[in-house]
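Data first, discussion second: the structure below is written as structure tokens.
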Amino acid sequence: MSIMDYFAVRIVPRMYRGKGALHPSPTGKLTEMVSCVREYDVNIFFIRKGDTLIAIDAGYKNHPGLLQGCREIGVDPAQVTALFLTHADPDHAGGLDMRQTNPFSGADVYVGEIEENYLTNRYHRKQIGPIGLKNSVVIRPGYRLLKDGEVVRVGELKIQALLVPGHTLGHLCYLIDDTLLFTGDCIALNKEGGRCFFALFNYDSQLNIRSLLALKERLALSEIRYVFTSHNGYTDDAQSAFRHVDAIPDIRARGFVFDDTAPYDCFAEEGG
Ligand SMILES: [Zn+2]
């Protein structure tokens, strides 16, 4: 197991249990167009419109619950025609790792052009003292790179990539049909609204805050019907999702609970 994988599935669960920081949506249908599968602490999103089926992110490498979760929501992952990665971390891109069977075998894969530097290990994911942590995910060549603002049309769906650096330097949000915003790991959401994502995971939290404030200005929030996060569920209140994005939750504070409805430990519950 690589240091990054060890961090993701051994260290993070121990540090975060009981803090209410991780509260993904349960596997199921979320809105008319959007369904999700939960893998431990993260969601993979599926968007269906007419005959078009796309996905946002790919979950963990070899997660045992993926196929069962897909069956529960009536999705065949091999039928996904395009898969858009918010970033290259193992809980989002691991499901495309070339050392496992590819569940998304029919999908064109998209990733941000800056984010690619983590896949090729030109960038370190995190610096801890003298040690630069490398990304552990290796995906098949042939993926397509997205620039900030670029629009891709897949069947009847319009997908726009929005660069929001901070969690990683190439992190993308995706705006679909101008109404559905997928924020990956830049916003931490609870009933009081959205905040900057948890500092431990961020490459640069202050950069993430500046990026979120810029994104808030850039978007027509009144047109956005739903805002989805990868680790904290979703909301139909786009204003609320950006309400506190200049603040970072202090996960280390004694007695801190970010979301008192979150599971004690997402990783302890097997499957999807
Ligand atoms: Zn994540």
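Any read-out appearing in this document is the output of simple, stated calculations on the displayed coordinates, not a laboratory observation. Note that the structure is predicted; figures quoted are calculated from it, not measured. When we count neighbours, we look across all protein chains shown, and the Cβ atoms used for this are built from the backbone with ideal geometry, even at glycine.
Starting from the Cα gyration tensor of the stretch 176-272, take the square roots of the eigenvalues, sort them a ≥ b ≥ c, and report rounded, prolate or oblate (rounded when a/c is under 1.5, otherwise prolate if a/b is larger than b/c, else oblate). Write down the numbers at each step before the final one.
Details: a/c = 1.91, a/b = 1.34, b/c = 1.42.
Judged from the Cα gyration tensor, the stretch 176-272 comes out oblate (a/c at least 1.5, b/c at or above a/b).
Which of the lysines could be linked to K61 by a straight reach, that is with a Cα gap under 22 Å, when you skip same-chain ones fewer than 8 residues away?
The reachable lysines, counting only those whose Cα sits under 22 Å from K61, are K126, K134.
Please say if the stretch 159-213 is rounded, prolate or oblate, where rounded means a/c under 1.5 for a ≥ b ≥ c the square roots of the C-alpha gyration tensor eigenvalues, and otherwise the choice is prolate for a/b larger than b/c and oblate otherwise?
On the way: a/c = 2.29, a/b = 1.28, b/c = 1.78.
Judged from the Cα gyration tensor, the stretch 159-213 comes out oblate (a/c at least 1.5, b/c at or above a/b).
Would you mind getting me the FRET efficiency between E113 and I11? Use the beta-carbon distance for r and R0 = 30 Å, nearest 0.05. Don't jump to the answer; show the numbers that get you there.
Values: r = 30 Å, r/R0 = 1.00.
So the FRET efficiency works out to roughly 0.50.
Taking θ = phi - 60°, what integer Hz values does the Karplus form 6.51 cos²θ - 1.76 cosθ + 1.60 yield along the stretch 48-61, in sequence order, with x for Gly and Pro?
With the stated coefficients, the stretch 48-61 comes to 10, 9, x, 8, 8, 10, 10, 9, 10, 6, 10, x, 7, 5 Hz.
Arranged from highest to lowest average of other beta-carbon atoms within 10 Å per residue, in what order do the peptides 239-249, 178-188, 91-101, 151-161 appear? Before the final figure, lay out each step's value.
Values: 239-249: 18.5, 178-188: 24.4, 91-101: 20.4, 151-161: 16.3.
Packing order, densest peptide first, comes out as 178-188, 91-101, 239-249, 151-161.
When the helices in the chain are scored as -39500 (n - 2.57) per DSSP H run of 4 or longer and the sum is shared across all residues, what 222 nm value do you end up with, to the nearest 500 deg cm²/dmol?
On the way: 7 runs with 42 residues, N = 272.
Per the formula, -3500 deg cm²/dmol.
Give me, ordered by chain and number, the residues 5 or more places off V109 or on other chains with an amide H under 5 Å from its own placed amide H.
L83, R144
Measure out, as a whole number of angstrom, how far apart the alpha-carbon centroids of the stretch 154-184 and the stretch 223-272 sit.
Cα centroid of the stretch 154-184 versus Cα centroid of the stretch 223-272: 18 Å apart.
Between rounded, prolate and oblate, where does the stretch 1-119 land on the alpha carbon gyration tensor, with a ≥ b ≥ c its root eigenvalues, rounded for a/c under 1.5, else prolate if a/b exceeds b/c? Show your work: numbers first, answer last.
On the way: a/c = 1.79, a/b = 1.26, b/c = 1.41.
Note, shape of the stretch 1-119 comes out oblate.
What ³J(HN,Hα) values, in whole Hz, does the Karplus curve 6.51 cos²θ - 1.76 cosθ + 1.60 give for the stretch 106-112 when θ = phi - 60°, with x put for Gly and Pro?
x, 9, 6, 9, 10, 8, x
Please list the non-local residues whose amide H lies under 5 Å from the amide H of N190, H modeled 1.01 Å from N, same-chain partners needing a gap of 5 or more.
Distant-sequence amide H within range of N190: R195.
Mind computing the radius of gyration and Dmax over the alpha-carbon atoms of the stretch 55-147? Å is fine for both.
When restricted to the Cα atoms of the stretch 55-147, Rg and Dmax are 13.7, 47 Å.
For the pair L133 and S240, what calculated FRET efficiency results from E = 1/(1 + (r/R0)^6), where r is the Cβ-Cβ distance and R0 = 25 Å, to the nearest 0.05? The partial results should precede the final answer.
Details: r = 33 Å, r/R0 = 1.34.
With a Förster radius of 25 Å, E is 0.15.
Compute the Rg/Rh shape ratio of the chain: radius of gyration over Kirkwood radius, all on alpha-carbon atoms.
0.92
Amide H of T52: which non-local residues (sequence gap of 5 or more, or other chain) have their own amide H closer than 5 Å, using H built in the peptide plane?
Residues meeting the amide H criterion: E156.
Per-residue HN-Hα couplings for the stretch 72-81, Karplus 6.51 cos²θ - 1.76 cosθ + 1.60 at θ = phi - 60°, whole Hz, x for Gly and Pro?
Along the stretch 72-81, the couplings run 4, 9, x, 10, 9, x, 5, 8, 5, 8 Hz.
Specify the inter-centroid distance of the stretch 103-132 and the stretch 1-65, based on alpha-carbon positions, in whole Å.
Centre-to-centre (Cα) distance: 18 Å.
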